[in-house]
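First comes the structure, then the notes that go with it.
The values are calculated or read from the model by the stated rules, or taken from the named source; none is laboratory data. Quick caveat: nothing in here was measured; it's all calculated off a predicted structure. Here the Cβ positions follow ideal geometry from the backbone for every residue, glycine too, while neighbour counts run over all protein chains shown. Ligands, DNA and RNA are stripped out before the accessible areas are found, and what is left, the full protein with its side chains, is counted by its heavy atoms. Shrake-Rupley method; radii C 1.70, N 1.55, O 1.52, S 1.80 Å.
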Amino acid sequence: MKKKILFLSLIFTLLISSVSAEAYNGWASDYVSEAQSGGILTAAQVNGDLTAPITRADIAMLAVKTYINVNGYDLSQTTSHFTDTQSVYAEAAYQLDIMGGTSDTEFTPYSYATRQEIAKIILSLDAVLDGDTLILPDAPSADFTDFDTVSDWAKPYVATATANGLINGYPDGSFGGEIPVTWEQAVTLILRCTNLNHIPEIPTIDEAPDKEINISGYVGNVNYGKTRIKWDVPTNATSVTVTQARNSYYEGDIAPETVTYNAMGYIDIELNPNRRYTVSVDGGPSKTFSVNKVAPVGASEINSSYPTTKEEADVLMVPITVPVWRLSGGNKVSSTATFSVHNKIAEKVKLVFEEIYNGEEKFPIKDIGGYAWRGGRSEHNGGTAIDINYDENYCIYNNGTVIGKYWKPYEDIYSIKPYGDVINAFERHGFTWGGDAWRNPKDYMHFSYLGT
């Protein structure tokens, strides 16, 4: 396990202490605010009593929301296998190896989480966030007067967590493994032990926004690009939540993506085409608006002389070489790829791949399919379609025909994310993504310039 230099100055005790008007102690205020800004805690939870003990179900929720803020995770396909709870957070915590059940089929969601349980949770969360293997001592020991009362399964976690300064014991030398953990303690431990700096502040963009939207007034359809989103009230709002959903042919087919920013008055963000955005301000206005698709330039000219034979197509194609990221030994390395496309869109395709290459994801590409004479109605016949990583971005027809293996955008690094750099780049240049453009097929690898 990667050791972090973290020494908690806070020693959690259950001694009576003064409680703030917000029903949590002052030492927890920064972490409570951070958790609320990142959507880990809701406003209702913050306004409740955070000095109360936390249940196993609720601590699973906090841990999974923290994981989602860092690495992302699709809860929409999650179904609980536990017989005593249908919580998707409990199941996700189990699947991610952050928390286990109390048996193979039971989670015991309403039991209070204990100090020995949270020792395991923070170590496990820390490891999965970093992609590390959690190494525990074979013969765990810790210098606590009551270490022999810690459950045998928990002793390695308590020993490791305390040795790394992630959680401390009490001044009398005890650990108190069976003592319940409070909400504020859970939030503080989770955020401090993982050393997270993941919650976005006001986003910054390289250039000044080219348009401005005030969501307190009327908002119609807008074009994509760098945008300042403003709101008038309430003046004391401290966060804004932005949800983007694809203008999918299938309503709800692609799950929306939500990010909460810590901001007052405005945020500057990049709006992408073919989206519905909902912007909600803490305690204030909420507005939904659409961002237009980008029309493919010169499509009618390309259509007017679209090839009907391979001989006609060959003379219209040009080879292009584009920069790409590839995986080598588990690392992303810079490389190039060469393929052919219609001469009318060659420069545009180069721009698309330059944007993908320069994106934050550094999306790795195994294979690219451009021009290929296939007959029938395929846009690959005319060099106006691009396929990327076909095995990990399959094409699935209603009749059961499948090309490729799967589409797992939040699990497989080669799968294209519905709100990621690849789709953003293609759609900004007028391409249509086959993942949700038509009823049949769902073609997650496919980008077409003429929309077919």
>> Can you work out the Karplus-derived ³J(HN,Hα) for every residue in region 259-268? Use 6.51 cos²θ - 1.76 cosθ + 1.60 with θ = phi - 60°, whole Hz, and x for glycine or proline.
In response: 10, 10, 9, 8, 7, 9, x, 6, 9, 10
>> Below 12 angstrom from the Cβ of residue 85, what's the summed charge of the other residues (Lys, Arg +1; Asp, Glu -1)?
In response: -3
> Can you give the FRET efficiency for residue 103 and residue 212, using 1/(1 + (r/R0)^6), R0 = 45 Å, r = Cβ-Cβ distance, to the nearest 0.05?
Replying inline: 0.20
>> Out of the GluC sites (Glu not before Pro) in region 366-447, which ones are loop residues according to DSSP with at most 13 other C-beta atoms within 10 Å?
In response: 411
> Given that just one value was derived from the coordinates, which of (1) 25.9, 87; (2) 30.2, 97; (3) 21.4, 69 is Rg and Dmax of the Cα atoms in Å?
Replying inline: (1)
> What residues from region 304-331 fall in the zone where the backbone N is under 18 Å from a label point 7 Å along the Cα-to-C-beta line of residue 350?
Replying inline: 316-325
>> Please report the spacing between the Cα centers of region 300-359 and region 152-166 in Å, no decimals.
In response: 53 Å
> So what J values fall out for region 366-371 if you push phi through Karplus, 6.51 cos²θ - 1.76 cosθ + 1.60 with θ = phi - 60°, rounded to Hz, Gly and Pro as x?
Replying inline: 8, 8, 10, x, x, 5
> Ignoring ligands and nucleic acids, what accessible area does residue 426 show with a 1.4 Å probe (Å², nearest 10)?
Replying inline: 0 Å²
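So what's the net charge close to residue 110: Lys and Arg +1, Asp and Glu -1, counting the other residues with Cβ under 13 Å from its Cβ? Let's see the in-between values first.
Working: positive: 56; negative: 58, 84, 106.
My count for the surroundings of residue 110 gives -2.
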> What is the dipole size for the chain, taken about its Cα centre, with +1 at each Lys and Arg Cβ and -1 at each Asp and Glu Cβ, in debye to the nearest 20?
Replying inline: 1200 debye
>> Projecting each Cα onto the charge dipole of the chain (Lys/Arg +1, Asp/Glu -1 at the beta carbon, about the Cα centre), which of 273, 77, 297 comes out farthest on the positive side?
In response: 297
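Taking only C-alpha pairs under 8 Å that are 6+ residues apart, what is the relative contact order of the chain in percent? Please report the intermediate quantities before stating the final value.
Details: 873 pairs, mean separation 49.8, N = 452.
Rounded, it is 11 percent for the chain.
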> Remind me, relative contact order of region 53-121 in percent, using alpha carbon pairs under 8 angstrom and six or more residues apart?
Replying inline: 41 percent
> Could you give the dipole magnitude of region 95-146 about its Cα centre, charging the beta-carbon of Lys and Arg +1 and that of Asp and Glu -1, in debye to the nearest 20?
Replying inline: 160 debye
> Under a straight-distance cross-link criterion of Cα-Cα below 20 Å, which lysines are reachable from residue 405, leaving out those fewer than 8 residues away in the same chain?
Replying inline: 366, 417, 442
>> Give me the extension gain from residue 406 to residue 143: residue separation times 0.36 nm, minus the current Cα-Cα distance, reported in nm with one decimal.
In response: 89.6 nm
> Measuring from label point to label point, each 7 Å out along Cα→Cβ, what is the residue 300 to residue 366 span in nm?
Replying inline: 4.2 nm
>> Using only DSSP helix segments of four residues or longer, with each worth -39500 (n - 2.57), what per-residue ellipticity at 222 nm results for the chain after dividing by its residue count and rounding to 500?
In response: -7000 deg cm²/dmol
> Farthest toward the dipole's positive end in the chain, which of 441, 260, 113, given Cβ charges of +1 (Lys, Arg) and -1 (Asp, Glu) about the Cα centre?
Replying inline: 441
> Once you put a point 7 Å from the Cα of residue 27 and another 7 Å from the Cα of residue 331, both along the Cβ direction, what distance in nm separates them?
Replying inline: 4.3 nm
>> What's the magnitude of the charge dipole for region 216-334 around its Cα centre, counting Lys and Arg as +1 and Asp and Glu as -1 at the beta-carbon? Answer in Debye, nearest 20.
In response: 320 debye
> Which net charge results for the neighbourhood of residue 373, defined as the other residues with beta-carbon distances under 14 angstrom from its beta-carbon, given Lys and Arg at +1 and Asp and Glu at -1?
Replying inline: -1
> Over region 275-430, what is the relative contact order in whole percent, taking alpha-carbon pairs under 8 Å and six or more residues apart?
Replying inline: 19 percent
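Would you work out what percent of the accessible area of the chain, with all protein chains in place, is carbon or sulfur (probe 1.4 Å)?
Working: 10310 of 21250 Å².
The nonpolar share, carbon plus sulfur, comes to 49 percent.
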